[in-house]
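Report on one structure; see the data block that follows.
The values are calculated or read from the model by the stated rules, or taken from the named source; none is laboratory data. From a predicted model like this one, the values you see are computed outputs, not experimental measurements. No Cβ is skipped: glycine too gets one built from the backbone with ideal geometry, and neighbour counts run over all protein chains shown. For the accessible areas, the whole protein counts, side chains as well, though only heavy atoms, and no ligand, DNA or RNA atoms are used. Shrake-Rupley method; radii C 1.70, N 1.55, O 1.52, S 1.80 Å.
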Amino acid sequence: MKKDERVIVVNDSLLPQEEYNPLAPAKAAFYSAVVPGLGQVYNKRYWKIPIIYAGMAAGVYFYKQQDDDYTRFRDAYKRRLAGYTDDEFQGVSTDRLINAQKTAQKNKSYSVIVTVVFYLLNVVDANVDAHLRQYEVSEDLSLQPNFDYNQFNAAPQYGMSLTYRFK
């Protein structure tokens with residue numbers, strides 16, 4: 001009598017494995033460098049796109065605002081040097097107009113830096129996010145407060161405990 005033997009292969013249905021593409025990080029970074037936010041679309045992290053554009057738009061908005069203020073201060077200063085006294089900054093000294101021009105120029109530079117930083121963070125985020133897709137990320141994280149009593153100095157101690165369970 002012959003025994004009926006079967007080989008049963010069980011697939012792991014808990015964690016579907018997606019094949020990792022080693023060129024995906026470079027591709028995501030390139031996409032984000034060409035069009036900000038496109039790397040996040042490639043990584044399917046759509047919620048990051050408004051943050052990127054809001055940061056870049058804030059930098060551009062404040063640059064434009066400071067540029068307009070700089071122009072107003074400069075024009076008023078030039079009119080004062082020409083001998084006119086009817087500018088919009090009545091009661092403001094000429095030295096204060098010079099300082100206002102310098103401050104507006106400095107703030108314009110900061111606005112450009114903020115815009116460039118958001119652009120670069122966009123590219124770096126797309127690259128890092130594509131790299132991290134190869135790792136299993138579990139939802140099994142817990143953060144618990146820890147309250148303890150220190151017996152040496154009779155004072156309470158506070159802390160936080162982050163627990164991660166590896167599968």
Residue pairs within 8 Å by beta carbon, gap of at least six or interchain, first lying in the range 67-94 and under 21 Å from residue 109 (Cα atoms) and touching a residue at least 12 places away in the same chain (Cβ under 8 Å), second of a type in the set (Gly, Ala, Ser) and outside any loop (DSSP other than H, G, I, E, B), listed first then second, are 67/104; 69/100; 69/104; 70/104; 73/100; 73/104
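Could you list, in sequence order, all residues of the range 62-103 that are hydroxyl-bearing (Ser, Thr, Tyr) and surrounded by 13 or more Cβ atoms within 10 Å (Cβ to Cβ)? Don't jump to the end; show me each part of the working.
If we filter the range 62-103 for residues that are hydroxyl-bearing (Ser, Thr, Tyr), which is where we start, we get 63, 70-71, 77, 84-85, 93-94, 103.
Within the range 62-103, 63, 70, 77, 103 qualify.
Applying the selection to the range 27-53, what residues are open to solvent by 80 Å² or more (accessible area, probe 1.4 Å), in contact (Cβ under 8 Å) with a residue 60 or more places away in the chain and not in a loop (DSSP other than H, G, I, E, B)? Full working, then the answer.
Of the residues in the range 27-53, the ones open to solvent by 80 Å² or more (accessible area, probe 1.4 Å) are 27, 30, 34, 44-47, 50-51, 53.
Going one step further and asking which of them are in contact (Cβ under 8 Å) with a residue 60 or more places away in the chain, we end up with 27, 45.
The answer is 27, and nothing else.
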